[in-house]
Amino acid sequence: MSYRDGIAPHGMQLINRVATPEQKQEFLDKADSLPRVQLDQRAVSDLEMIAIGGFSPLSGFMEHEDYERVVAQMRLANGLPWSIPITLSVDEAIAEPLKEGGLIRLDDTNGRFIGVLQLTQKYHYDKAKEAVNVYRTDDIKHPGVKVVYNQGSVNLAGPVWLLQRDPHSLFPKYQIDPAASRQMFKEKGWKTVVGFQTRNPIHRAHEYIQKCALETVDGLFLHPLVGATKEDDIPADVRMNCYEILLEHYYPQDRVILAINPAAMRYAGPREAIFHALVRKNYGCTHFIVGRDHAGVGDYYGTYDAQYIFDEFESAELGITPMMFEHAFFCQRTQQMATTKTSPSKPEERVHLSGTKVREMLRRGELPPPEFSRPEVAAELAKAMRIPVEAK
């Protein structure tokens, strides 16, 4: 495959592990004879992302050598940058009878046969080491650390197949896989595309940095995450409604593509910023926006740690250009969005925005003001949270 017309995927090959009709039938014929492993929601998302090429160059769940080097050095065994371990962890009792070299049936959370793993390795791992290295903490209150400590003690590794690619149950028209997004960019003539990651409804600070970035590239790939998130995050359908409203009224229609990212959220802060950039590279983005506390949670990470971590890699080996933005705010003096680089205001004249603040206001029954959210978006959020639109 040639990438003359676009950025090469990570590792130079866009992985496709969706079973062919012939492979699918072969696996279905063996379904009742295969040992079963039931996946949780995050593992289902990981299987999907591997299969469609979003996690290229991974073709399956990580073997021990890749896992250990990713945890310790943010690289695969071959030296390629990779910052988040992609593993399938199970309890000892489940792992013990499984034979290396055999096939394993992978079921979703409802027990539906959705994939196959060719088991090449099963290995124990150090949960505390993974937590501290990847999340920079072993605090069980951290949502990512909590997942690590609650999951099984044995990792199952090997290549996978997704039995078939089904339309997304909620957002089928926005289910644009890496091969398709690359083709769309090519058809639009976009040579440079900036990706934007979000798990929150878009507020004015997001809009500001997206449009600043869009001034210097051909297109914006708005790529909200719709996989597993924390219980207190705004539901994906509400967020998608907000994105649609905002794009209809406030963005140039020919320069923005909205698509869903089926991955699960890790909340790994700096490491997840690298991870998110590499995933968007696989989707065909040449640039990636990194703002304040990217992929952070609580106060586990410094405000700009997710930007500093890019200095630990050579730009050529990442293969995607990060676009760094400071914390944007509404400047009361100039009556517009700004950062400390562009605003003459004093601290008391700045209205700082964040997804956390928006969520807190909504839970208190308050409507976000115009400085936080466009009125149409605020109304949609209020509707979803059953808050009267007249609320102050």
Any idea how far apart GLU349 and HIS124 come out in nm if each label point goes 7 Å out from Cα toward Cβ? 6.2 nm
Accessible area (Å², 1.4 Å probe, nearest 10) - GLU63: 70 Å²
Amide H contacts of GLN197 (H built 1.01 Å from N, under 5 Å, at least 5 apart or other chain): ILE289
Roughly speaking, to the nearest percent, how much of region 127-275's 1.4 Å accessible area is carbon and sulfur? 50 percent
Per-residue HN-Hα couplings for region 271-284 [Karplus 6.51, -1.76, 1.60; θ = phi - 60°; Hz; x = Gly/Pro]: 5, 6, 5, 4, 4, 4, 5, 5, 4, 5, 4, 5, 7, x
Bridge orientation stat for region 119-228 from DSSP, antiparallel percent rounded to 5, came to 40 percent
Which entry in (i) 1.00; (ii) 1.46; (iii) 0.96 matches Cα Rg over 2.2 N^0.38 Å derived from the coordinates of this structure? (i)
Roughly how many nanometres apart are two label points built 7 Å out from the Cα toward the Cβ at GLU366 and ARG255? 3.4 nm
Among DSSP beta bridges lying fully in the chain, give the percent that are antiparallel, nearest 5. 55 percent
Taking only protein heavy atoms into account and a 1.4 Å probe, give the accessible area per residue of the chain in Å². 44 Å²
Two-site FRET efficiency, ALA77 against THR137, from Cβ-Cβ distance with R₀ of 30 Å, rounded to 0.05: 0.70
Suppose we keep just the DSSP beta bridges with both residues in region 1-153; what percent of those would be antiparallel, to 5? 65 percent
Probe 1.4 Å - accessible area at LYS230, Å² to nearest ten: 40 Å²
Got a sec to turn the phi values of region 173-188 into Karplus ³J(HN,Hα) couplings, 6.51 cos²θ - 1.76 cosθ + 1.60 with θ = phi - 60°, whole Hz, x for Gly and Pro? 6, 9, 7, 10, 7, x, 4, 6, 5, 4, 5, 5, 4, 5, 5, 7
Pick from ALA228, ALA93, ALA179: which is most flexible by mean-square fluctuation in a GNM of the chain where alpha carbon atoms under 10 Å apart are linked? ALA93
Residue by residue through region 210-224, which ³J(HN,Hα) values in whole Hz follow from phi under the Karplus form 6.51 cos²θ - 1.76 cosθ + 1.60 (θ = phi - 60°), with glycine and proline marked x? 4, 6, 4, 5, 5, 5, 10, 10, 7, x, 10, 9, 7, 10, x
Between ASP108 and GLU244, what length in nm is gained on full extension when 0.36 nm per residue of separation is reduced by their alpha carbon distance? 46.0 nm
Choose one answer from ASP29, ASP138, ASP177: the residue with the largest mean-square fluctuation in a GNM of the chain with alpha-carbon springs under 10 Å. ASP29
The answer for VAL256, listing residues at least 5 apart or on another chain whose modeled amide H is closer than 5 Å to its amide H, is LEU220
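The values are calculated or read from the model by the stated rules, or taken from the named source; none is laboratory data. Keep in mind that what you see is a predicted model, and the values were worked out from it rather than measured. Neighbour counts run over all protein chains shown; Cβ positions are idealised from the backbone, glycine included. When the accessible area is computed, the model is the full protein with side chains, heavy atoms only, and any ligands, DNA or RNA have been set aside. Shrake-Rupley method; radii C 1.70, N 1.55, O 1.52, S 1.80 Å.
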